[in-house]
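Trainee: Once you've had a glance at the structure underneath, I'll fire off some questions.
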Amino acid sequence: MPTEDFYIRYYVGHKGRFGHEFLEFEFRRDGKLRYANNSHYKQETMIRKEVTVSESVLLELKRIIEESEIIKEDDHNWPEADKIGKQELEIVIGDEHISFNTGKIGSLLDVQESKDPDGLRIFYYLVQDLKCFVFSLITLHFKINPIGNDR
Amino acid sequence: MSNRDDMDEGQGRLRSTVNRTDQSGRRVKGRGFGNTKDEEEDRYGGKFDSMEEDETTGPIRSVEGWIVFVTGVHEEATEEIIMDKFNEVGITKNLSLPLDRRTGFVKGYALIEYEKKEQAEKAIKELNGTELMETTIHVDWAFHGKTEGGSRRGNTSNRGGNNRRFTRK
């Protein structure tokens, strides 16, 4: 278990014709991973899963976050959340605590055209790597498609 | 579990991203510290499914097998190379080898599923600390029971987050 404080949470969602649809996950320092995916599309229902991961998993997650250098970035100039959606990324590592908000990012083009392409690009790729990390864990442990198609 | 600690950390209603220090002494940054909680019920309410028994300690079984977590994987490793190595100790049922989304190279970790616990145990015992493509790999369980032999402190008082929908119980 990492000795310093550690926490990460990511949320992406929007409110639209199918209600409040979102995906959210968090890792706590004690290894608890919680994952929720609420999609009303095609009568999908809420998926909520939790499992405790090992210290090795937490350390790898921490490595990915640290190598991204996201902590050095700032969401000040990132696109605001809007009707299309919102993303939140909250990370605590040691004595650093970030809680970034921005809108949904459709593609790299949105990144390039933003006021802070370098910072937003780091966020854009980190979020994809984090989702991939969580999906791998959830998929293998629960044998579900975390995107929600086979439930 | 009380979520009082959730509430008192969210006091900084800063719209800007000025660095400041919160009560725990952390440097905080970002627009999320002024979040409203209007979506909290949607996002938090309800029960989370789990495979774990309350009293389980040590590694736990996944739905169809036992998962080991490998780190230190070379960025040019392939599924075939990993499978060759991990099939030495038992037949692998599944492999997940995620790529770095920016570079397209292997991100550095892999998840491997064995049908039997003994196979996974053997992988951890025999392959942890060995070399694969001239880098040292680490092999460990991916999942544990909620309490791990007393080595985890049940600290819930000093976690991060001012708007953690999940952490209330």
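Trainee: Can you tell me which of A:Ser54, A:Ser99 is closer than 18 Å to A:Leu23 by Cβ and small (Gly, Ala, Ser)? Even if it seems obvious, please write down each step before you answer.
Mentor: Numbers: A:Ser54 fails: closer than 18 Å to A:Leu23 by Cβ.
Unique residue meeting the criteria: A:Ser99.
A quick yes/no check of all residues on (1) in contact with a strand residue (DSSP E or B) (Cβ under 9 Å, 6 or more places away or on another chain); (2) modelled with pLDDT under 95:
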| residue | (1), (2) |
| --- | --- |
| A:Ser56 | yes, no |
| A:Glu67 | no, no |
| A:Ser107 | no, yes |
| A:Arg121 | no, no |
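Trainee: Kindly indicate the residue of the range A:30-57 that is farther than 20 Å from B:Val70 by Cα and basic (Lys, Arg) and also farthest from the other protein chains (Cβ to nearest Cβ) among those meeting that condition. Spell out the reasoning first.
Mentor: First pass over the range A:30-57, keeping only residues farther than 20 Å from B:Val70 by Cα: A:34-50.
Retained after the next criterion (residues that are basic (Lys, Arg)): A:34, A:42, A:48-49.
Numbers: A:Arg34: 5, A:Lys42: 19, A:Arg48: 4, A:Lys49: 5 Å.
Residue satisfying both the conditions and the ranking: A:Lys42.
Trainee: Before we move on, is A:Pro117 open to solvent by 10 Å² or more (accessible area, probe 1.4 Å) and within 13 Å of chain B (Cβ to nearest Cβ)?
Mentor: Spelling it out, it is not the case that A:Pro117 is open to solvent by 10 Å² or more (accessible area, probe 1.4 Å) and within 13 Å of chain B (Cβ to nearest Cβ).
Trainee: Counting only residues that are within 13 Å of chain A (Cβ to nearest Cβ) and either touching a residue at least 60 places away in the same chain (Cβ under 8 Å) or under 13 Å from A:Leu140 (Cβ atoms) (or both), how many does the range B:59-102 have? Spell out the reasoning first.
Mentor: Of the range B:59-102, the ones within 13 Å of chain A (Cβ to nearest Cβ) are B:59-73, B:75, B:92-102.
Okay, now just the ones that are also either touching a residue at least 60 places away in the same chain (Cβ under 8 Å) or under 13 Å from A:Leu140 (Cβ atoms) (or both), so B:59-73, B:92-98.
Qualifying residue count, the range B:59-102: 22.
Trainee: Which of the helices (runs of 4 or more DSSP H) contained wholly in the range B:1-119 include at least 1 residues that are at pLDDT 90 or above? Explain how you work it out, then say what you get.
Mentor: Numbers: elements: B:4-9, B:40-44, B:79-86.
It comes to B:79-86.
Trainee: When you go through (1) over 19 Å from the mean Cα position of the chain (by Cα); (2) open to solvent by 60 Å² or more (accessible area, probe 1.4 Å) one by one for B:Thr57, which number turns out not to apply?
Mentor: Going through (1) over 19 Å from the mean Cα position of the chain (by Cα); (2) open to solvent by 60 Å² or more (accessible area, probe 1.4 Å) one by one, B:Thr57 breaks only (1).
Trainee: If I ask for residues that are open to solvent by 20 Å² or more (accessible area, probe 1.4 Å) and either acidic (Asp, Glu) or more than 11 Å from chain B (Cβ to nearest Cβ) (or both), which ones from the range A:92-113 would you list?
Mentor: A:Asp95, A:Glu96, A:Lys104, A:Ile105, A:Gly106, A:Ser107, A:Leu109, A:Asp110, A:Gln112, A:Glu113
Trainee: Quick one: in the range B:120-155, which of the residues that are out of contact with any helix residue (DSSP H, G or I) (no Cβ under 9 Å at 6 or more places or on another chain), at pLDDT 50 or above and assigned to a loop (DSSP other than H, G, I, E, B) is farthest from A:Lys143 (Cα to Cα)?
Mentor: Restricting to residues being out of contact with any helix residue (DSSP H, G or I) (no Cβ under 9 Å at 6 or more places or on another chain), at pLDDT 50 or above and assigned to a loop (DSSP other than H, G, I, E, B), the top hit is B:Glu134.
Trainee: Only one residue in B:Asn158, B:Asn162 is at the interface with another protein chain (Cβ under 8 Å from one of its Cβ atoms), open to solvent by less than 50 Å² (accessible area, probe 1.4 Å) and modelled with pLDDT under 95. Which one? Break it down into steps so the answer makes sense when it comes.
Mentor: Numbers: B:Asn158 fails: open to solvent by less than 50 Å² (accessible area, probe 1.4 Å).
The match here is B:Asn162.
Trainee: Given the criteria open to solvent by 60 Å² or more (accessible area, probe 1.4 Å) and more than 18 Å from A:Ser56 (Cα to Cα), does B:Glu131 qualify?
Mentor: Details: open to solvent by 60 Å² or more (accessible area, probe 1.4 Å): yes; more than 18 Å from A:Ser56 (Cα to Cα): no.
Considered against the rule, which asks whether it is open to solvent by 60 Å² or more (accessible area, probe 1.4 Å) and more than 18 Å from A:Ser56 (Cα to Cα), B:Glu131 comes out as no.
Trainee: Mind checking whether some residue in the range A:77-85 is open to solvent by 30 Å² or more (accessible area, probe 1.4 Å), at the interface with another protein chain (Cβ under 7 Å from one of its Cβ atoms) and in contact with a strand residue (DSSP E or B) (Cβ under 9 Å, 6 or more places away or on another chain)? Working first, answer last.
Mentor: The first filter runs over the range A:77-85 and keeps only residues open to solvent by 30 Å² or more (accessible area, probe 1.4 Å), leaving A:77, A:79-84.
Within this subset, residues satisfying the condition of being at the interface with another protein chain (Cβ under 7 Å from one of its Cβ atoms) are none.
Scanning the range A:77-85 turns up no residue that is open to solvent by 30 Å² or more (accessible area, probe 1.4 Å), at the interface with another protein chain (Cβ under 7 Å from one of its Cβ atoms) and in contact with a strand residue (DSSP E or B) (Cβ under 9 Å, 6 or more places away or on another chain).
The values are calculated or read from the model by the stated rules, or taken from the named source; none is laboratory data. Keep in mind that what you see is a predicted model, and the values were worked out from it rather than measured. Here Cβ is always computed from backbone atoms with ideal geometry, including for glycine, and neighbour counts include all displayed protein chains. The accessibility values were calculated without ligands, DNA or RNA, using every heavy atom of the protein model including side chains. Shrake-Rupley method; radii C 1.70, N 1.55, O 1.52, S 1.80 Å.
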